[in-house]
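Accompanying notes for the structure given below.
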Amino acid sequence: MCAGPGAMADADGPLVAPDLLRQLVYLPQASVIVAELRRTIVGVAILALRPSVRAGGFVGTVDLLVCDPRHDADSITEILVEEVLRSARNKGCAVVEASRPDDPAERARWDRRGFRDGRLTIERPVTAVRSGSHPRP
């Protein structure tokens, strides 16, 4: 569930980590939740929101949940997931979803927090249009 602190530093995507976080902080359809201990960031979770007719309201997606491996991943995860769920409730979400972990220990962490198997999804990457540029036909 918790990846290392460099998990967002991958520059292969359309935006690098600082640019992406800057955008997310200003979007009402995303929540950035930070866990800190003694003025040090030890974990981050990002909840993205989308409307869904099928779900009967908004769906919150846990896009990222990372913890500093030098700290207790179970405790940090517990705090971050509880805050994600609180934020989702406050924003009117009908459901919160997350990627299904392959690791049985991580899967057990999600199960203990009430997450169950849901629908499978398919996805296709798209490139964001940056200001000043126009999409090609």
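The values are calculated or read from the model by the stated rules, or taken from the named source; none is laboratory data. A quick note: this is a predicted structure, and the numbers were derived from the prediction, not measured. With ideal geometry, Cβ positions are generated from the backbone for all residues, glycine too; neighbour counts draw on all protein chains shown. With ligands, DNA and RNA removed, areas are computed over all heavy atoms of the protein, side chains included. Shrake-Rupley method; radii C 1.70, N 1.55, O 1.52, S 1.80 Å.
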Anything in region 56-102 that is open to solvent by less than 40 Å² (accessible area, probe 1.4 Å), more than 14 Å from ILE41 (Cα to Cα) and out of contact with any Phe, Trp or Tyr (no Cβ under 7 Å at 6 or more places or on another chain)? List them, or say none. GLY57, VAL59, GLY60, THR61, VAL62, LEU64, VAL81, VAL84, LEU85, SER87, ALA88, VAL96
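If I filter region 39-51 for residues that are assigned to a loop (DSSP other than H, G, I, E, B) and within 16 Å of CYS93 (Cβ to Cβ), do I get at least one hit? Even if it seems obvious, please write down each step before you answer.
At the first step, the residues of region 39-51 found to be assigned to a loop (DSSP other than H, G, I, E, B) are 39.
Subsequent filtering for residues that are within 16 Å of CYS93 (Cβ to Cβ) retains none.
Within region 39-51, not a single residue is assigned to a loop (DSSP other than H, G, I, E, B) and within 16 Å of CYS93 (Cβ to Cβ).
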Pairing a residue in region 45-73 that is under 16 Å from GLU97 (Cβ atoms) with any residue that is among the aromatic types (Phe, Trp, Tyr), where Cβ atoms lie under 8 Å and the two sit 6 or more apart in sequence or on different chains, gives LEU49/PHE58; ARG50/PHE58; PRO51/PHE58; SER52/PHE58
